[in-house]
Each structure stands twice: as C-alpha cells, then as structure tokens.
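*Asks:* Okay, handing you the structure first.
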Ligand SMILES: [Zn+2]
Ligand SMILES: [Zn+2]
C-alpha cells in the first residue's frame, strides 16, 4: 500500500473480518469488531446469537457447575430460566425439554462456553 501522507494513521487497527476501523480497546485487542465477533462466534459454534447471549448470562449468574465426569464425559448442572436445573453434558446432551427432543438448547451453549470448547476470544 503506498504512503498517502500525514493523514494515514499507521496505528489504526482494522477488523480482520470486515476491515472497518476498530475503536474499543477490547476490539483492538481481539483484532475484530463486536458485530463480526458475534457473527464469527455464531458460525464457529452453531448456536444462535441469542443462545450465546443467554449462555453468557447464565454463566455470569453462576448458573453453571461441573458435577461429574472428565473430558467429553463431563456433566454440568445448568440453571434453567424457571428456577429449575438441568443436567447438561459436554458431549451435547441436555435434560431440558428442548434437549430431550434433540434440539441444541442454550444450556449446551453455556456448557460449551464454560468448558472452554469455544475459543476464549470468541466468548
Ligand atoms: Zn468487522
Ligand atoms: Zn437444555
């Protein structure tokens, strides 16, 4: 890229996905903007943005606890939205109504984030 004079900011960091300038320190550190990070997260995990938001919320409230098992056999107790608690495995099974019907519920997203199976910078 040719130099175009004094107006060019050499230190400007751009989003690795959409090439827009990044403003927040967190975005600059991650090298990706918040909207793109969200989109990348959705693409990487297969969970919807809403599910990931709900998952982060339940983790933030301390609603995820490791109960048994190791590795892919880890099982977590995950707080449900109505005061109930579900048994959710790192392997992708959940005892909630959606999970027992084979759907990918946000409890699975919470366990994936909590267990670190989603890269930390994407969480
Ligand atoms: Zn972007
Ligand atoms: Zn569930």
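*Asks:* Any residue in the range 97-110 that's farther than 13 Å from residue 78 by Cβ: show its pairings with residues that are assigned to a helix (DSSP H, G or I) and more than 7 Å from ligand 2 (Cβ to nearest atom) at Cβ separation under 9 Å, as long as the two are six or more apart or on different chains.
*Replies:* Close Cβ pairs satisfying both conditions: 103/97; 104/51.
*Asks:* Just checking, does the range 10-21 include any residue being under 20 Å from residue 115 (Cα atoms), surrounded by 12 or more Cβ atoms within 10 Å (Cβ to Cβ) and within 18 Å of the chain's Cα centre (by Cα)?
*Replies:* no
*Asks:* Considering only the range 55-70, I want to know if a residue exists there that is over 30 Å from residue 13 (Cα atoms) and in a helix (DSSP H, G or I).
*Replies:* Of the range 55-70, the ones over 30 Å from residue 13 (Cα atoms) are 58-59, 61-70.
After this cut, where a residue has to be in a helix (DSSP H, G or I) as well, the list is 58-59.
Scanning the range 55-70 turns up at least one residue that is over 30 Å from residue 13 (Cα atoms) and in a helix (DSSP H, G or I).
*Asks:* How many residues does the range 82-100 contain that are in contact with a helix residue (DSSP H, G or I) (Cβ under 8 Å, 6 or more places away or on another chain) and within 12 Å of ligand 2 (Cβ to nearest atom)?
*Replies:* First pass over the range 82-100, keeping only residues in contact with a helix residue (DSSP H, G or I) (Cβ under 8 Å, 6 or more places away or on another chain): 86, 88-94, 96, 99.
Those left that are additionally within 12 Å of ligand 2 (Cβ to nearest atom): 86, 88-89, 92-94, 96, 99.
Residues meeting the conditions: 8.
*Asks:* Something else now. When residues of the range 22-53 are filtered for being within 17 Å of residue 103 (Cα to Cα), assigned to a helix (DSSP H, G or I) and either within 12 Å of ligand 1 (Cβ to nearest atom) or under 10 Å from the mean Cα position of the chain (by Cα) (or both), how many remain?
*Replies:* Summing the residues that are within 17 Å of residue 103 (Cα to Cα), assigned to a helix (DSSP H, G or I) and either within 12 Å of ligand 1 (Cβ to nearest atom) or under 10 Å from the mean Cα position of the chain (by Cα) (or both) in the range 22-53 gives 5.
*Asks:* Six or more apart or on different chains, Cβ under 7 Å: which pairs go from a residue in the range 74-86 that's modelled with pLDDT of 95 or more to one that's within 11 Å of ligand 2 (Cβ to nearest atom) and part of a loop (DSSP other than H, G, I, E, B)? Could you list them?
*Replies:* 86/80; 86/95; 86/96
*Asks:* Could you go through the range 89-99 and let me know if any residue there is part of a strand (DSSP E or B) and away from ligand 1 (no atom under 16 Å from the Cβ).
*Replies:* Here is the first cut: in the range 89-99, the residues part of a strand (DSSP E or B) are 89, 94.
Within this subset, residues satisfying the condition of being away from ligand 1 (no atom under 16 Å from the Cβ) are 89, 94.
Yes, there is a match, as at least one residue in the range 89-99 is part of a strand (DSSP E or B) and away from ligand 1 (no atom under 16 Å from the Cβ).
The values are calculated or read from the model by the stated rules, or taken from the named source; none is laboratory data. Values in this document were obtained by computation on a predicted structure and should not be read as measured data. Note that each Cβ is placed from the backbone with ideal geometry, even for glycine, and that neighbours are counted across all protein chains shown.
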